[in-house]
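Novice: I have a structure I would like to understand better, so I am pasting it below and will then ask my questions one at a time.
The values are calculated or read from the model by the stated rules, or taken from the named source; none is laboratory data. Given the structure is predicted, the values throughout are model-derived calculations rather than measurements. So basically every Cβ, Gly included, is an ideal-geometry build from the backbone, and we count neighbours across all protein chains shown.
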Amino acid sequence: MKPLGPIPAGYTAIDGELAISGRKASELVAEAGSTPLFVYSRELLARRVADLRAAMPDRLALHYAVKANPFAPVLREMALLVDGFDIASGGELAMVRAAGIDPSRISFAGPGKRTDELEQAIAAGVTLNLESEGEAARALDAAARLGITPRLAIRVNPDFDLKGSGMKMGGGAKQFGVDAERVPALARLVIESGAEWRGFHIFAGSQALGPAALIETQAQTLALAARLADQSGAALPHCNLGGGFGIPYFPGDQALDIAAIGAALGEAFSKLPDVLRETQFCLELGRYMVGEAGVYLTRIVDRKVSHGDTFLIVDGGLHHQLAASGNFGTVVRRNYPVAIASRFDAPTEEVVSVVGCLCTPLDRVADKAEFPRAEVGDLVAVFCAGAYGASASPAQFLGQGPAMEMLV
Ligand SMILES: *Cc1c(COP(=O)(O)O)cnc(C)c1O
């Protein structure tokens, strides 16, 4: 028997069924028309951002990293909740603009921005987080061709990384950002070009659950920003401190203590050096804002026994849930929080594996876990599905196509 990850707070049972935003799973599936289906809770999105606002210093702006979940209704909801949007492609730029979000609230990071993407972003008034000297030159050329003053920041490849993070994105040789020691020279070039100088973007990693590591990284980030701003010879208008806030996916994971992080940041803000005194700071968070607000619902289409092991086979799988299947940046496969949605408050009765419908042994939703007895037709819920589910899974694999999505 293998344990399941912790079910996030905010989910209840109504008539024995999982309810999301107070609506029963079966009702939501009936409304959507079929399974598999991602359901995102408006209430849980709002609660999460409110909790962040309460924990963090007032001075800190909150940005949403669109790649976690670019579903249009989610973007429109987030537009009411957060201060800014961070994108990483021209495709995301189009999605954010289609959601009616003002381009002045958008910043664009990501290596390998094509010239046409740079042009679209500059023309719209989006801030570019420059990833290299070469990209800076292409952006300045594009701006000159268009006759527009570009809004430019520099993404810094910090000389440290976020300890304990699931995905390290700083420290050492990286395809992201400009190595810290070369940043002052590039910053001077950007400032002297007459561009609107927007400061630094310093992102050191993702999915950290230890507050001590995040507090240490934020302190290092502030110290680095101060040093680089000094060496650039200009006060820093903006500084994106990155993010990296993780959510509990696996057995034993603890929810992040955001009060401790907010208190440490407030303390750090109270003793900033002069060069950062007027700086506007922001955090950019994807997973932490939307991950726990989403549930993936899929229906059991077969129940079979092989060599004594019972398999529940569902109509969804890794083509929508690559991370839950253990195939997206994990070393040892562990179970996500998974439940039988149609028997949400029933006692567990048997150890079974829930597998997807793809013709590959990689397609596992829950491995040898304890569930109430479930039959063909029952709904299975995979939690923590709000981030990197629909947006980061190979939906076209085996001709399956994307899942439906709804915000309730
Ligand atoms: C992926 C990414 C994020 C979001 O990471 P989460 O773990 O979802 O919070 C933020 N900023 C940058 C630069 C990223 O690449």
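Novice: Could you list, ordered by first residue, the pairs with Cβ atoms under 6 Å in which the first is in region 119-148 and more than 16 Å from the ligand (Cβ to nearest atom) and the second is hydroxyl-bearing (Ser, Thr, Tyr), at least 6 apart or interchain?
Specialist: These pairs meet every condition: GLY125/SER104; ARG138/THR115; LEU140/SER193.
Novice: I would also like to ask the following. Could you tell me whether THR348 is surrounded by fewer than 22 Cβ atoms within 10 Å (Cβ to Cβ) and out of contact with any strand residue (DSSP E or B) (no Cβ under 9 Å at 6 or more places or on another chain)? Please lay out each step first, then the result.
Specialist: Details: surrounded by fewer than 22 Cβ atoms within 10 Å (Cβ to Cβ): yes; out of contact with any strand residue (DSSP E or B) (no Cβ under 9 Å at 6 or more places or on another chain): no.
Answer is no for this residue.
Novice: If ALA99 satisfies all but one of (1) crowded, with 18+ Cβ neighbours inside 10 Å; (2) farther than 21 Å from GLY199 by Cα; (3) within 16 Å of the ligand (Cβ to nearest atom), what's the number of the condition it fails?
Specialist: Among (1) crowded, with 18+ Cβ neighbours inside 10 Å; (2) farther than 21 Å from GLY199 by Cα; (3) within 16 Å of the ligand (Cβ to nearest atom), the lone unmet condition for ALA99 is (3).
Novice: How do the pairs read when you match residues in region 340-356 that are in contact (Cβ under 8 Å) with a residue 60 or more places away in the chain and within 18 Å of LEU18 (Cα to Cα) with residues anywhere that are part of a helix (DSSP H, G or I) and aliphatic (A, V, I, L, M), using Cβ under 7 Å and keeping only pairs 6 or more apart or on different chains?
Specialist: Final answer for the pair search is ALA341/ALA25; SER342/ALA25.
Novice: Determine, yes or no, whether ALA88 is more than 13 Å from the ligand (Cβ to nearest atom) and not basic (Lys, Arg). Steps first, please.
Specialist: Working: more than 13 Å from the ligand (Cβ to nearest atom): no; not basic (Lys, Arg): yes.
Judged against the criteria, ALA88 is not a match.
Novice: Starting from region 48-70, keep only residues that are touching a residue at least 40 places away in the same chain (Cβ under 8 Å), then list their pairs with residues that are of a type in the set (S, T, N, Q) whose Cβ atoms are within a distance under 8 Å, requiring at least 6 positions of separation or different chains.
Specialist: ARG59/GLN280; ALA61/GLN280; HIS63/SER107; HIS63/ASN240; LYS67/SER391; ALA68/SER391; ASN69/SER391; PRO70/SER391
Novice: So which residues in region 324-345 are surrounded by fewer than 21 Cβ atoms within 10 Å (Cβ to Cβ) and farther than 15 Å from LYS2 by Cα?
Specialist: Across region 324-345, the qualifying residues are ASN327, PHE328, GLY329, THR330, VAL331, ASP345.
Novice: For region 296-366, please list each of the strands (runs of 3 or more DSSP E) lying entirely inside it that holds at least 3 residues being modelled with pLDDT of 95 or more and touching a Phe, Trp or Tyr at 6+ places or on another chain (Cβ under 9 Å). Give the derivation first.
Specialist: Working: elements: 309-314, 338-340, 350-355.
Once the strands (runs of 3 or more DSSP E) in region 296-366 are filtered for at least 3 residues that are modelled with pLDDT of 95 or more and touching a Phe, Trp or Tyr at 6+ places or on another chain (Cβ under 9 Å), what remains is 338-340, 350-355.
Novice: Taking region 111-131 as the region of interest, how many residues are touching a helix residue (DSSP H, G or I) at 6+ places or on another chain (Cβ under 9 Å), surrounded by 14 or more Cβ atoms within 10 Å (Cβ to Cβ) and assigned to a loop (DSSP other than H, G, I, E, B)?
Specialist: 3
Novice: Could you count how many residues in region 256-295 are away from the ligand (no atom under 14 Å from the Cβ) and either touching a residue at least 60 places away in the same chain (Cβ under 8 Å) or part of a helix (DSSP H, G or I) (or both)? It would help to see each step written out before you state the result.
Specialist: Start the filter on region 256-295 by keeping residues that are away from the ligand (no atom under 14 Å from the Cβ), which leaves 257, 259-260, 262-281, 295.
Still in the list and also either touching a residue at least 60 places away in the same chain (Cβ under 8 Å) or part of a helix (DSSP H, G or I) (or both): 259-260, 262-269, 274-276, 279-281, 295.
Total satisfying the criteria: 17.
Novice: Please verify whether THR330 is within 16 Å of the ligand (Cβ to nearest atom) and either of a type in the set (D, E, K, R) or assigned by TED's automatic domain parsing to the domain that holds ASP378 (or both), treating the condition exactly as stated. Walk me through it before giving the result.
Specialist: On the way: within 16 Å of the ligand (Cβ to nearest atom): yes; either of a type in the set (D, E, K, R) or assigned by TED's automatic domain parsing to the domain that holds ASP378 (or both): yes.
Spelling it out, THR330 is indeed within 16 Å of the ligand (Cβ to nearest atom) and either of a type in the set (D, E, K, R) or assigned by TED's automatic domain parsing to the domain that holds ASP378 (or both).
Novice: Can you pull out the residues in region 175-187 that are within 16 Å of the ligand (Cβ to nearest atom) and surrounded by fewer than 15 Cβ atoms within 10 Å (Cβ to Cβ)?
Specialist: GLN175
Novice: Right, something else. Identify, from the list MET56, MET1, the residue that is out of contact with any Ser or Thr (no Cβ under 8 Å at 6 or more places or on another chain), within 26 Å of ASP102 (Cα to Cα) and not assigned by TED's automatic domain parsing to the domain that holds LEU379.
Specialist: On the way: MET1 fails: within 26 Å of ASP102 (Cα to Cα).
Only one candidate passes the filter, namely MET56.
Novice: Being among the charged types (D, E, K, R) and over 19 Å from CYS282 (Cβ atoms), is that true of even one residue in region 84-94? Before the answer, list the steps.
Specialist: First, the residues of region 84-94 that are among the charged types (D, E, K, R): 86, 92.
Next, only the ones that are over 19 Å from CYS282 (Cβ atoms) stay: none.
The answer is no; no qualifying residue exists.
To keep it simple, each residue is scored yes or no on (1) in a strand (DSSP E or B); (2) crowded, with 20+ Cβ neighbours inside 10 Å.
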residue: TRP197; (1), (2): yes, yes
residue: PHE200; (1), (2): yes, yes
residue: ALA212; (1), (2): no, no
residue: THR221; (1), (2): no, yes
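Novice: Looking only at residues in region 13-40 that are assigned to a strand (DSSP E or B) and among the β-branched types (Val, Ile, Thr), which one is farthest from the chain's Cα centre (by Cα)?
Specialist: As a first pass, look at region 13-40 and keep what is assigned to a strand (DSSP E or B): 13-14, 17-20, 23-24, 37-40.
Subsequent filtering for residues that are among the β-branched types (Val, Ile, Thr) retains 14, 20, 39.
Working: ILE14: 29, ILE20: 21, VAL39: 16 Å.
Per the stated criteria, the residue is ILE14.
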